Amino acid sequence: MPDATFEQDAALFAPIERTGRAFYWTVGALLLLILWGAIAYWVQFDEGLGVTGLHQPVSWGFYVTNFVFFIGISHAGTLISAILRLSKAEWRRPITRMAEVITVMVLFIGAAQILVDLGRPDRMLNIIRYGRYQSPLLWDATSISAYLTASTLYLYLPLIPDVAILRDRPGKRRLLYTVLALGWRGTERQREVLNRAIAIMAVLVIPIAVSVHTVVSFVFSMTIQPMWHSTIFGPYFVAGAIFSGIAAIIVAMAIIRRVYHLQDYLKPIHFRYLGHLLLVMTLLWFYLTFAEYLTGFYGNEPEEMKVFWSKFTGPFWPFFWGMVLFNLVVPLACLVRLGRHAVGRTVTASVSVVIGMWLERFNIVVPTLSNPRLPFPEGQYWPTWIEGAETAGSFALFILFYVLFVKLFPIISIWEIREGRETGLKEVEERLLSYLPGRSAPAPPGVGGREGHERAPIRL
Amino acid sequence: MALWGMVIDLDRCTGCQACVMACKAENNVPAVGAREASRGRTISWMQVLTEETEERLRFLPRPCLQCDDPPCTKVCPVYATYRNPEGIVAQVYARCIGCRFCMAACPYNAKYFNWYRYQKEAPGQNPDVSVRTKGVVEKCTFCHHRLQKARERAGVEKRELGPGEYVTACAEACPARAIVFGDLSDPRSEVARLARSPRAFRLLEELGTKPKVVYLAERESDGRA
Amino acid sequence: MSELQSVSDRTVRAIQWGMGGAIVLFIGGIVIWILHLIRTAWRLTDVPSASIGISLVAIPVFLILLAVVLYVFWGLLGDRSAR
C-alpha cells in the first residue's frame, strides 16, 4: 500500500530495487582490481615476503602502513554515529548508516593487512593457540575483535526498522529481510527494547573505538626505537584516526550523493557541518604533530635527530612535506571559508586528508626503521608491484563490500529521516525553549499512542 | 645455574670475519646470494659492523647480545622467542609466524628474516642445527646446540659440565682470540673476570636491555662509543 | 505486485535461532579464548599480570555485547503482542 511518505523517499529505495548497468561495470572493475591483488598475494604466499621491497632493517613497510591506515578510517562510524546520536545532533540522520558501514567493512580490510604481512600465514592460528598478552599485537587482536563485534551490532540495530520496511514492501530477498527484521512490528515494547540497546551501544562503542587505535599505536610506542617510543602516540593516533575517518565519510557521502542522486538528502549543510569538524581535526592533528616534532627537536637526542632529519631533509622529505601539504595546507585552504562551495571544498579537503593520512602512517613506520641505532648497513625501502597491487586490491575489496551493502540495504536510514520529519522539529523546538529562561524542561520522550509501525518514531 | 655471556676485546679484533664464517658454517646460516644481498637481505647472525668516529675506525662484531631484559621477547605474540633460565634468548622456528615485531623492536638489529626459502636440507650442513624455512625469524643462539651436546656428554659420563667444554663457534674460530665465551655467573671464569675490566662497556647500555655481550674498548679512557 | 507470504515462518525462526546461537558461540568463544591465554601465560610463568589486567576489561565488554544482542533478540522476537 504505497502512500505519500513512500513516494517521498523513493530515492532511498532506488539503489535496492533497481540495478543499472553502472552497477555491473563497477563491480566488474572492482573484481579485476581485487583479482590483481589476489594474484600478487598468491605470488607472495608462494615465494615468500622477499617479493616485496622489505629488507633489513626496514622489515615493516606498506602492509603495516595500510593496517594502521585502514584501522584509522574505521573511526568514521563511531564519531558520527555514536557521538552525534548522544548529543542529539539532528543533522546526523542521513549520515549515520553510511558511516557505520565504513567502520564495519574497513575493519575487515585492516585486519587482513596484518595477515598479509605475516611470514607464515599458515600459522596464523598460533595467535589464538599460543597468544601472549604481553605483546601489543594481542592487545590489537582483542581490541579489534571487540570493535568489530560492537560496530557490527551498532550497524545492525538501527538497521532493523529499515529492514522491516523492506520486508513489508513488495520486492526481492524476502527471506533475508524477514530473517534480519527479527519480527519487528514497531510495537511499544519493541521500540523500547531497541531504543535502550542502541543507547547502550552508542555509549559502549566510543571507549572501545578509542582503545582500538590507542592499542594500534602501542605496537610502535611500546618499543624503544627512536621517534616511536613516544608518550603522545596513543592520543595522536586516535586523533589521526578520527581525522581520516571524517574525511572518509565526506568522500563516501559525495560519491553516494552523486551516484544515487541523493542530493535532496545529503545537502550542502551536511557537508558544511562535517567540514567544520574536519577543520577542527586538522588543527588538532597539526597541534599534536607539532608537539611531537618540537619535543624531539628541542631534546636533540642524536638517535632521534637522525630520524627527524631523514624526514625533514633526508630521503623521506617528499613523504613528510607531502603529508604536511595534504594534511594541513590544503584542508586549511579549503575549509576556512566554505562560502557557497561547501560540497566541493569539503570533498577536496577530504580527498587530500585521506592521502595525507596515509603518508603520515608511512612516515611513522618506515623512517624509524630505516635509521637503526647501530652502524648497520642501510638501504632505501622501495615497494614492489606486489605491495602496490595488494594495496589497490584492498581498497577495491573495501569498496566492493560497500557497494554490495548499498545494493542490499538502504544506505540512508529511512526511519530516522522520517522520525526527523515527523517529530524532530517539535522535539528540537521544545529543547530550545527549555534552554531559555522562563520555561520548564520539555516533556519526556516516548509518549505512546501512535498506530502504524512506519509512522511511529523511535526516540533516543 | 649458569649465565652464559661473552666478552669481545675490540683491541684484538682485526675485522677478519672468521667469526662470521664460522657462525655461518656452524648454524647453517644461508648464503642469500648476490642479488638478495644487494637488496639488503644478508643473514649474518654474527655481523661485523664498522663504527667510524673522527678519531678512529672500529670493528664491532655483533652477535645477538642475549639481553637479560630483551625488548624482542616482550613483543612476540606467540612465545616464539623467550629468554631461557640460563640467559640465552631462544628462537623457536616452528612457532614463529613471521610478524617481524621482534625485528622492529630489537635496537641492535640482531634478528634476521628468511625473506625467501633460502636453502633446503642438503648434505654438508650441520645436522645439529635445524634448517629454517621461509617466513621465520632467526638469530644467534650462542650455539645452543653445542651446549646441549656438551651437557649430554657430561651426563653420560656422570660429571658436571667443565669450563671450556661449551664454547660458541665464533669464540672458537677467532684467530686473535678476541672473543671469550663462558659462564658470567662463575666469578672465576675468564669471561666474568674480563667483564669486570675497566675497559668493559655494553652497547646501548642506556636503553636498559642488559646485554650479556660485553665489549672491551681499545683504551682504558675510551669507555664507550 | 502483491506477494503472499512466500517465506515460511518456521524457516525464518530457524535461521534467527541460528543467528542467535552463532553470536553466543562467537562471543563465548572469545571469552574462553581470553581465559585460555591467561592460563597459558600462567603455566609458562610469563607475565600473567598483562593478561589478567586486559581480561578484566575485555571480558566484561564482550559479555555486555552478548547481553545486548540477546536482549534485542528476546525483546523483538519474543514480543507476542506483535503477532
Picking from A:ILE165, A:ILE256, A:ILE160, the residue that is in contact (Cβ under 8 Å) with a residue 12 or more places away in the chain, within 30 Å of A:ARG18 (Cβ to Cβ) and facing another protein chain (nearest Cβ under 8 Å) would be A:ILE160
Mind checking which residues of the stretch C:55-83 are open to solvent by 80 Å² or more (accessible area, probe 1.4 Å), assigned to a helix (DSSP H, G or I) and either facing another protein chain (nearest Cβ under 7 Å) or free of Cβ contacts under 8 Å to residues at least 24 places away in the same chain (or both)?
C:LEU56, C:VAL57, C:TRP74, C:ARG80, C:SER81
Quick one: in the stretch B:93-114, of everything that is within 14 Å of the chain's Cα centre (by Cα) and more than 8 Å from chain A (Cβ to nearest Cβ), which residue is farthest from B:VAL32 (Cα to Cα)?
B:CYS106
What number of residues within the stretch A:218-245 are away from chain B (no Cβ under 14 Å), surrounded by fewer than 22 Cβ atoms within 10 Å (Cβ to Cβ) and part of a helix (DSSP H, G or I)?
4
Which numbered condition A:VAL215 misses (of (1) within 12 Å of chain C (Cβ to nearest Cβ); (2) surrounded by fewer than 20 Cβ atoms within 10 Å (Cβ to Cβ)):
(2)
Select from the stretch C:40-54 the residues that are farther than 14 Å from B:TYR79 by Cα and more than 8 Å from chain A (Cβ to nearest Cβ) and list them in ascending order.
C:SER49, C:ILE52, C:GLY53
Kindly indicate whether A:LEU86 is of a type outside the set (D, E, K, R), open to solvent by 10 Å² or more (accessible area, probe 1.4 Å) and at pLDDT 95 or above.
no
Test for B:PRO123: is it assigned to a loop (DSSP other than H, G, I, E, B), touching an Asp or Glu at 6+ places or on another chain (Cβ under 8 Å), without any contact (Cβ under 8 Å) to a residue 60 or more places away in the chain and open to solvent by 20 Å² or more (accessible area, probe 1.4 Å):
no
Please give the number of the condition C:TRP42 fails out of (1) buried (at least 19 other Cβ atoms within 10 Å of the Cβ); (2) touching a Pro at 6+ places or on another chain (Cβ under 7 Å).
(1)
Condition check: open to solvent by 20 Å² or more (accessible area, probe 1.4 Å) and under 27 Å from A:ARG174 (Cα atoms). Does A:GLU17 satisfy that?
yes
Output for the stretch B:20-39, where each listed residue is within 21 Å of the chain's Cα centre (by Cα) and of a type in the set (A, V, I, L, M):
B:VAL20, B:MET21, B:ALA22, B:ALA25, B:VAL29, B:ALA31, B:VAL32, B:ALA37
Picking from A:GLY388, A:GLY393, A:GLY356, A:GLY339, which residue would you name as being more than 30 Å from A:VAL179 (Cα to Cα), out of contact with any His (no Cβ under 6 Å at 6 or more places or on another chain), outside any helix (DSSP H, G or I) and away from chain B (no Cβ under 14 Å)?
A:GLY339
Which numbered condition trips up A:VAL210, out of (1) open to solvent by 30 Å² or more (accessible area, probe 1.4 Å); (2) closer than 21 Å to C:LEU76 by Cβ?
(2)
Out of A:THR391, A:THR384, A:THR313, which single residue is among the hydroxyl-bearing types (Ser, Thr, Tyr) and under 20 Å from A:PRO57 (Cα atoms)?
A:THR384
Considering only the stretch A:52-65, I want to know if a residue exists there that is surrounded by fewer than 24 Cβ atoms within 10 Å (Cβ to Cβ) and of a type in the set (A, V, I, L, M).
no
Just wondering, is there one or more residues in the stretch A:413-423 that are open to solvent by 10 Å² or more (accessible area, probe 1.4 Å), in contact with a Pro (Cβ under 7 Å, 6 or more places away or on another chain), at pLDDT below 95 and within 14 Å of chain B (Cβ to nearest Cβ)?
no
Taking first residues from the stretch B:76-92 that are closer than 20 Å to B:GLY182 by Cα and within 14 Å of chain A (Cβ to nearest Cβ) and second residues anywhere that are acidic (Asp, Glu) and surrounded by 23 or more Cβ atoms within 10 Å (Cβ to Cβ), the pairs with Cβ under 9 Å that are 6 or more apart or on different chains are none
Please tell me if A:LEU278 is more than 14 Å from chain C (Cβ to nearest Cβ) and surrounded by 22 or more Cβ atoms within 10 Å (Cβ to Cβ).
yes
Mind listing whichever residues of the stretch A:49-64 are under 13 Å from B:ALA104 (Cβ atoms) and part of a helix (DSSP H, G or I)?
A:TYR63, A:VAL64
Given A:ALA248, A:ALA197, which one is touching a helix residue (DSSP H, G or I) at 6+ places or on another chain (Cβ under 6 Å), within 14 Å of another protein chain (Cβ to nearest Cβ) and crowded, with 20+ Cβ neighbours inside 10 Å?
A:ALA197
Evaluate the stretch B:19-38: report whether one residue or more is crowded, with 17+ Cβ neighbours inside 10 Å, within 14 Å of another protein chain (Cβ to nearest Cβ) and farther than 29 Å from B:GLY164 by Cα.
yes
Report the residue count in the stretch C:30-83 for those that are among the β-branched types (Val, Ile, Thr) and more than 13 Å from the chain's Cα centre (by Cα).
8
Just checking: which of the helices (runs of 4 or more DSSP H) contained wholly in the stretch A:72-156 hold 3 or more residues that are farther than 21 Å from A:ILE399 by Cβ?
A:126-129, A:136-156
Go through the stretch A:90-116 and give me each residue that's surrounded by 21 or more Cβ atoms within 10 Å (Cβ to Cβ), under 13 Å from A:ILE144 (Cα atoms) and either among the acidic types (Asp, Glu) or more than 14 Å from chain B (Cβ to nearest Cβ) (or both).
A:THR103, A:VAL104, A:MET105, A:VAL106, A:LEU107, A:ILE109, A:GLY110
Being open to solvent by 30 Å² or more (accessible area, probe 1.4 Å) and either under 16 Å from B:ASP9 (Cβ atoms) or in contact with a Phe, Trp or Tyr (Cβ under 9 Å, 6 or more places away or on another chain) (or both) narrows B:ARG153, B:ARG193 down to just B:ARG193
Residue selected from the stretch A:128-146 under the condition hydrophobic (A, V, I, L, M, F, W, C) and more than 10 Å from chain C (Cβ to nearest Cβ), by the criterion nearest to B:PRO77 (Cα to Cα)
A:LEU137
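The values are calculated or read from the model by the stated rules, or taken from the named source; none is laboratory data. Treat the numbers as computed from the prediction; the structure is a model and nothing was measured. Reconstructed Cβ throughout: ideal geometry from the backbone, glycine too, with neighbour counts over all protein chains shown. Keep in mind that these areas ignore ligands, DNA and RNA; they rest on the heavy atoms of the full protein, side chains included. Shrake-Rupley method; radii C 1.70, N 1.55, O 1.52, S 1.80 Å.
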